[in-house]
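What follows is one structure encoded as structure tokens, with my remarks underneath.
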Amino acid sequence: GGKIWGGGAGGAAGGGAPLRAGGRERVRTAVWGGVEGAGGVGGGCRVGWPDGSVRWLYGRGQAVVGPDGTVDRLIGVNADVTDVRSQSLEAAADAARMAGLVAVAQALGGAETVEQILEVVTGRGVAVLGAQGGVLALNEPDGATVRSLVASYFEEQVVAQVAVLPCTHPLPMVHAAVTATPWYLQDRDAAERAFPGAASIYAQAQTEAS
């Protein structure tokens, strides 16, 4: 399914696809390094596709030496590695996130008061998840309500509205506090599908994920 592009020494890399900023010089250096050393060529670059997308290519090539001992041409292949590269970056990000969550768990193990727990959750926890703020939801002794401690950018009206909520209130944090069920809702649409009654408070809080 791949394409092999041929051309004289110094020909265009990527089958003529336009290279992105900084890529052209790297490719030129690699190509001429292969020509001058009569050896192999390898490297990656970003190219612009006709549909406007930007893809990552990785090329491997070899200089072909003619009868007179000079390099006649380069042959090789360019592979679109965009998806593989994205997966690798996501895996690295997941590993870093997991290490951060382990650090959060260790810090929580040393927290002795509600305030210390809140500090960990809204400090390290928020940083690891890339959130703008955090809420610590706690079951009240009466078993009927959930108390929320907020440390974020929320306006006072929103903070007051979620300070004490019935344990049946349709919010992920309330459900998590009551049932110990973890929730990760990647956007507001997902949150409102799972908790239809949360639409109003999500809009007021300008929350995009939960």
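The values are calculated or read from the model by the stated rules, or taken from the named source; none is laboratory data. Owing to the predicted nature of the structure, the values given are computational and were not obtained by experimental measurement. Surface areas here come from the heavy atoms of the whole protein model, side chains and all, with no ligands, DNA or RNA. Shrake-Rupley method; radii C 1.70, N 1.55, O 1.52, S 1.80 Å.
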Only one residue in Gly44, Gly123 is at pLDDT below 75, assigned to a strand (DSSP E or B) and under 23 Å from the mean Cα position of the chain (by Cα), so which one is that? Gly44
If we ask which residues in the range 64-101 are among the aliphatic types (A, V, I, L, M) and in a strand (DSSP E or B), their number turns out to be 7
Starting from residues that are open to solvent by 90 Å² or more (accessible area, probe 1.4 Å) and acidic (Asp, Glu), keep the ones in the range 73-112 and report whichever is farthest from Pro182 (Cα to Cα). Asp83
Got a number for residues in the range 132-190 being part of a loop (DSSP other than H, G, I, E, B), open to solvent by less than 90 Å² (accessible area, probe 1.4 Å) and either closer than 15 Å to Val121 by Cα or of a type in the set (A, V, I, L, M, F, W, C) (or both)? 9
Subset of the range 191-210 [under 18 Å from Glu156 (Cα atoms) and open to solvent by 40 Å² or more (accessible area, probe 1.4 Å)]: Ser200, Ala203, Gln204, Gln206
